[in-house]
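Notes for the one structure printed next.
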Ligand SMILES: Nc1ncnc2c1ncn2[C@@H]1O[C@H](COP(=O)(O)OP(=O)(O)OP(=O)(O)O)[C@@H](O)[C@H]1O
Ligand SMILES: [Mg+2]
């Protein structure tokens, strides 16, 4: 049975998509059967995993996306003019990872997902239901969420065992955290049969200034907030490196990105080990 983890923070630009992409590649490289799900109409995860060029082709070919999960039908494609009944298998892009033996699959997104936001009634459990049918085919399912709270966040909660919270250490980084705590607690209160926990907070330095004095103060404030709520904080910080945006452009794992520094790869690897440990995936299978 797969463990499902949502990357969530109501604050934008903290590295949810970057970490979802790189964790997906890293889990794949460790022979974990991995599914990445793009739950953001911006579709950055889809582009980063497939590469922007392949993503454009997917749109041109009218391939079904995560929207079909919420709308419950597959849109008409070339050669057929009427919508077909929904089947989760039809929205999965198989073997979307980077290395030759990849077991990384992807459910991509597209801008039309915003239609679900406009007509959300009764759709919040459809993702969980769809994923439950394929849980046994994966070890890890990663959901990349948009920064705003919506039906898609609720859908992610219903589908997830854990929430992974990237935080960018900067002025006022703590502000979103009580909001997130309240959102998760409200969900737990209304869904007592569903276990949802924060597996940890990871500091991601998505800009270089966050490693300066202001960043250090912010780290302390976030740690204090985490302690109060009994949230785990990962020891390894993901440092600032221009290789992360480059990896998204190149569609590569961080370690295969051109001119990446060894320290950046090694440090990300440390974070991966900590993360897998925190969600109970400590013993990766050997090839
Ligand atoms: N550790 C890092 N070092 C350098 N740049 C980074 C790092 N992490 C993220 N970035 C860059 O910061 C920007 C925001 O990151 P990302 O898109 O992953 O954040 P997000 O939380 O998913 O944003 P959104 O809320 O809009 O979905 C991107 O341009 C990304 O390439
Ligand atoms: Mg994002």
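Quick notes on this structure:
- Yes/no for residue 206 being assigned to a loop (DSSP other than H, G, I, E, B) and within 16 Å of ligand 2 (Cβ to nearest atom): yes
- On the stretch given as region 269-285, residues that are in contact with a helix residue (DSSP H, G or I) (Cβ under 9 Å, 6 or more places away or on another chain), more than 21 Å from residue 196 (Cβ to Cβ) and modelled with pLDDT of 95 or more total 3.
- Residue check for residue 170: at pLDDT below 90, farther than 30 Å from residue 125 by Cβ, assigned to a loop (DSSP other than H, G, I, E, B) and more than 16 Å from ligand 2 (Cβ to nearest atom): yes
- Residues in region 133-145 include none that are within 14 Å of ligand 1 (Cβ to nearest atom) and part of a helix (DSSP H, G or I).
- Within the set 222, 233, 202, the sole residue that is touching a residue at least 60 places away in the same chain (Cβ under 8 Å), closer than 20 Å to residue 170 by Cβ and buried (at least 16 other Cβ atoms within 10 Å of the Cβ) turns out to be 202.
- Qualifying residue in region 116-124 (condition: closer than 20 Å to residue 15 by Cβ, in contact (Cβ under 8 Å) with a residue 24 or more places away in the chain and within 16 Å of ligand 2 (Cβ to nearest atom)): no
- Selection of region 126-167 for residues being at pLDDT 95 or above, under 22 Å from residue 229 (Cβ atoms) and within 16 Å of ligand 2 (Cβ to nearest atom) yields 143, 145, 153, 156, 163, 164, 165, 166, 167.
- Against the list (1) within 21 Å of residue 69 (Cβ to Cβ); (2) more than 19 Å from the chain's Cα centre (by Cα), the condition residue 178 fails is (1).
- Subset of region 135-152 (residues that are more than 20 Å from residue 2 (Cβ to Cβ) and touching a strand residue (DSSP E or B) at 6+ places or on another chain (Cβ under 8 Å)): 146
The values are calculated or read from the model by the stated rules, or taken from the named source; none is laboratory data. Owing to the predicted nature of the structure, the values given are computational and were not obtained by experimental measurement. FYI the Cβ positions are ideal-geometry reconstructions off the backbone, even for glycines, and counts take in every protein chain you see.
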